[in-house]
Structures are given as structure tokens and as C-alpha cells.
Amino acid sequence: MQDVEMTSIEDLKCDWSRLEKELLNGHRIDPNLYVEYDVKRGLRDSAGKGVLTGLTEISDVVAYDLVGGRQIPAEGALYYQGINVSDIVNGLQGRKFGFEETVYLLIFGKLPTQQELRTFLNVMQEMQELGSRFVRDVVMKASNDNMMNAMQRCVLTLYTYDENPEDISVRNVLRQCLELIAKLPLIAVYSYHAYRHFRKDDTLLIRNPKKELSLAENILLMLRPSGEYTELEAKVLDIALILHAEHGGGNNSTFTTHVVTSSGTDTYSSVAASIGSLKGPRHGGANLKVQNMFADIKAHISDWTNEEEVAAYLKKILNKEAFDHSGLIYGMGHAVYTLSDPREVILKRFAKDLAQEKGMMEEFALYELVERLAGQLIMEQRKLFKNVCANVDFYSGFVYAMLGIPQELFTPIFAIARMPGWSAHRLEELISANKIIRPAYKYVGEHTDFVAVEDRK
């Protein structure tokens with residue numbers, strides 16, 4: 001079988017330019033029409049708040065206190081099945097398998113007892129194996145330089161390895177979801193190793209996970225050539241996975257889960273669609289943007305402790321005079337949270353512990369300084385009255401970098417963490433909603449008569 005050859009735009013030359021011109025001339029919706037018809041662009045109202053499209057018991061995002069019927073900005077809080085995430089993290093008290101406990105909570109609606117956790121861990125450990133045939137024939141062949149696309153391909157191919165892929169009964173979908181939660185870490189890490197070997201001529205390393213280890217420990221074990229990691233490293237990655245596991249039903253990839261699930265399609269198609277959503281830089285790639293921004297800041301500032309120098313450069317970024325000229329300070333601001341993002345507050349604490357272990361406190365201090373200055377500068381520049389806080393992406397990339405996780409795996413780690421949330425929402429949609437999601441679009445074009453081909457000009 002011959003390799004498929006993709007046509008280059010350059011090969012089409014003037015033909016392609018003509019097609020592009022026709023496309024652009026034929027699709028120009030007057031932006032004023034969105035106002036005239038009160039279209040909630042991006043499913044958001046005029047204040048930027050998400051339009052209510054569904055109900056959920058899985059998680060709750062809180063950013064305001066209700067006082068006398070008025071919303072008063074408050075410290076942010078995130079609840080999984082009614083339990084504050086801060087309490088979940090603090091309740092671990094040094095125990096591992098925190099992410100696994102969170103998976104159980106999100107899907108089954110309650111925290112597991114010790115016996116329930118042991119049983120659940122046994123089930124998950126049996127499900128994590130990919131099998132040498134799948135690794136050889138799927139993961140290793142046609143390697144991708146984007147790990148999210150590699151994960152999509154592998155997830156869709158798992159359909160053909162499933163004896164009952166189309167059954168969307170709760171029992172079968174639960175089995176499929178748990179298998180995907182267990183297998184995604186292997187798919188992501190092995191896809192990265194395949195990419196490094198076949199595209200970067202690096203040594204190929206495939207290490208099997210160990211059943212007695214947590215999911216976070218196995219990621220570090222499989223990823224690192226030495227297979228070694230510290231207790232703190234595994235703990236911090238476990239916490240990061242917990243914090244990214246779920247965030248309400250309104251984020252883009254979880255809403256994708258609901259939309260695709262509502263059509264009655266199979267689990268693998270649903271998960272692949274959610275991965276595709278998360279891959280977008282407006283959703284899952286924000287922490288990489290933060291990392292690149294800090295690399296630029298460090299390259300242009302001589303004294304990381306000089307507030308005036310740091311503030312001056314941040315103003316240049318806001319004025320589109322520096323970094324990527326977008327005018328954005330990445331990692332700052334959130335669509336819901338006002339005074340603080342609880343995930344950022346928790347992750348920052350563990351980022352500091354890790355920075356101390358790694359001897360990177362100077363970099364951590366720079367992050368703290370930018371966080372402190374940026375919010376106020378953005379409010380002044382944009383003339384905002386709403387507080388601008390750092391979001392979870394502000395420190396997550398820094399944490400991943402300190403853990404030695406390559407940038408190619410930043411967003412896949414997010415996908416691994418979010419898989420339990422997607423699973424819980426898919427099951428909730430199947431159990432409770434039972435109606436296809438079909439939003440409306442208003443036609444604003446013109447009706448015209450058909451013209452025979454020989455009469456067209």
C-alpha cells in the first residue's frame with residue numbers, strides 16, 4: 001500500500017487563491033446582526049456569563065456570595081459532588097491515590113470507603129494494560145508530533161478492540177470509561193516516546209506500569225528514562241490531576257461531551273471529540289502559553305526582583321509591544337472566578353514546595369511577582385472594576401516543567417486528568433437527559449433563484 005500524499009497549497013497556486021477569495025467573499029455576516037437578534041455568541045450573555053443549557057450534580061464553581069439578592073465577589077470555591085476540592089486535597093494527609101479517590105467520587109457521587117477504594121483500585125489496575133499488539137500496531141505506527149492527535153487516533157482505534165463498542169447501556173459505558181481513564185496515561189506517554197524515537201531519533205523506551213503504584217506515580221515511572229521520582233514529585237502530580245479532573249459542565253470540552261453523547265454515539269467517538277476540543281489553544285493549551293510568556297519575560301528582564309522593570313515589561317505586553325503582540329498576560333483572569341481561583345491557590349502552594357526541592361525559588365519568586373503586578377495592571381489598562389486573579393494555568397506549566405514533563409505532554413496531562421469529569425458527564429447525560437442537544441442558528445442570508453450552469457456569470 002502506498003503512502004497517502006497530501007496536496008500542498010503551493011501546488012495549487014492561482015487556483016487556490018481563487019477558491020480562497022470566493023470563500024471569503026461568500027461568508028461575511030454583519031456583526032451588528034448578532035446584537036439585533038440578541039445572539040448569545042459563544043453561549044455567553046452580554047456580561048460574559050455562560051447561558052444556562054443544562055443541569056448537573058457533578059461539580060459546582062462558586063465565585064460570588066449572594067447578599068440581599070446581590071452577587072458579591074468572593075474567594076473562589078470548586079466542589080466535586082458537593083465536596084470542596086480544598087477539603088479533598090487537605091484530607092489526603094500524605095496518602096497517595098488521591099486522584100483515584102477523586103475518580104470514584106466524580107463517577108459514583110461519594111467518597112469510597114477503604115474497602116471500596118481497594119476494590120476500585122484492583123479494577124483500575126486490571127484495566128490499565130494496553131497489550132503489546134496495540135502498542136506495536138497502533139501507538140508505534142504513524143507517530144504524531146502532536147500528542148493530542150495521537151491520543152485521539154488511539155482512542156478511536158480502541159473501538160475496534162472492544163467486543164461491544166456500540167452498547168450505550170450504563171453498565172457498558174461505565175466499563176468503557178474506566179478503561180479509558182486507566183489507559184490514557186499509557187497512550188499519552190507511549191505516544192510521546194514513539195514521537196521522540198521515530199521523529200527525533202531518540203532512544204525508544206517503553207516501560208510497563210506497576211500495579212501497586214498510583215496513576216501519578218506510573219506517569220513519572222513510564223516517562224523518565226531512570227524510572228525514578230521523589231515522593232513530593234508524585235504527590236504534586238497527583239494534586240495537579242485532582243485539580244484538573246472536573247470544572248462544571250460549561251467548559252468547552254465537557255459541553256462537547258454532553259453534545260456528542262446526546263446524539264447516542266459510542267463512548268470512543270465522544271471521548272475523541274472532547275480531546276479534540278481540549279486540544280484547542282483557547283482551552284487546553286493555556287499553560288503552555290504561560291510558559292512561553294515567562295521564557296520571554298526572563299529573556300528581556302535583567303533583574304527578576306526589580307518590580308519597576310517587571311511592571312514596565314508587563315505593560316509592553318499589554319500594549320501589544322512585546323511577546324506575541326496579543327495584548328494578553330496569559331494565566332491571568334477567569335470567566336467565572338473573581339477574587340481567586342481555588343485551583344491556583346492550592347497548586348501554588350505545592351509549586352512552592354517543589355521549587356524548594358528543585359532549587360528554583362528565584363523562578364517561583366518571579367511568578368509570584370508577575371501574579372501580584374499583572375492583575376492590577378490589567379484592571380488599570382482595561383479600566384475594569386472586576387478583580388482579575390490568576391487562574392490554574394498560571395502555575396500548572398511551571399509545575400509540569402519542574403516535574404520534567406515535556407511541553408508536548410502538557411495538554412495530554414490535562415486530558416488524562418479531565419477524563420473522569422468527561423466520563424461522569426457522559427454517564428449523567430445518558431441517565432438523566434435523554435434528549436439530543438440541538439441549538440438554533442438564525443438564517444440571515446438571502447433566498448435567490450437557481451440559475452442553469454450555462455447562464456451563470
Accessible carbon and sulfur surface of the stretch 305-355 relative to its total accessible area, %, 1.4 Å: 51
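Sum up the lysine pairs in the stretch 253-395 that clear both bars: alpha-carbon distance under 16 Å and a spacing of 8 or more or different chains.
So the count of such lysine pairs works out to 7.
Starting from the stretch 171-245, pick out the trypsin sites (Lys or Arg not before Pro) whose DSSP state is loop and whose Cβ has at most 16 other Cβ atoms within 10 Å.
R207, K210, K211
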Roughly speaking, what is the stretch gain from L339 to M6, that is 0.36 nm per residue apart minus the C-alpha to C-alpha distance, in nm to one decimal? 115.0 nm
Whole angstrom only: what separates the Cα centroid of the stretch 135-171 from the Cα centroid of the stretch 307-383? 38
Given a Förster distance of 41 Å, the FRET efficiency implied by the Cβ-Cβ spacing of E309 and I206, rounded to the nearest 0.05, works out to 0.30
For the stretch 74-169, what % of the accessible area comes from carbon and sulfur atoms, probe 1.4 Å? 49
What distance in nm separates the two pseudo spin-label positions at F385 and E368, each 7 Å out from Cα along the beta-carbon direction? 3.3
Kirkwood hydrodynamic radius over Cα pairs of the stretch 339-457, then Stokes diffusion coefficient at 4 °C and 1.567 mPa s, in µm²/s: 67
I want the local charge near G421. Using Cβ-Cβ distances under 11 Å, sum +1 for each Lys or Arg and -1 for each Asp or Glu among the other residues. 0
Restricting to DSSP loop positions (anything but H, G, I, E, B) with no more than 16 other Cβ atoms inside 10 Å of their own Cβ, which GluC sites (Glu not before Pro) remain in the stretch 51-105? E57
In the stretch 22-78, which trypsin sites (Lys or Arg not before Pro) are in a loop and have at most 11 other Cβ atoms within 10 Å, using DSSP for the loop call? R28
Averaged per residue, the 1.4 Å probe accessible area of the stretch 281-383, protein heavy atoms only, in Å², is roughly 49
Difference of contour (0.36 nm per residue) and Cα-Cα distance, N149 to L23: 42.6 nm
Considering Cα pairs under 8 angstrom that are at least six residues apart, work out the relative contact order of the stretch 277-419 and quote it in whole percent. 32
Cubic angstrom per residue, convex hull over Cα atoms of the chain: 218
Nitroxide proxy distance, nm - points 7 Å out along Cα→Cβ at N252 and W16: 2.5
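The values are calculated or read from the model by the stated rules, or taken from the named source; none is laboratory data. Model, not experiment: these values are computed from the prediction. Using ideal geometry, Cβ is built from the backbone for each residue, glycine included, and neighbour counts are taken over all protein chains shown. When the accessible area is computed, the model is the full protein with side chains, heavy atoms only, and any ligands, DNA or RNA have been set aside. Shrake-Rupley method; radii C 1.70, N 1.55, O 1.52, S 1.80 Å.
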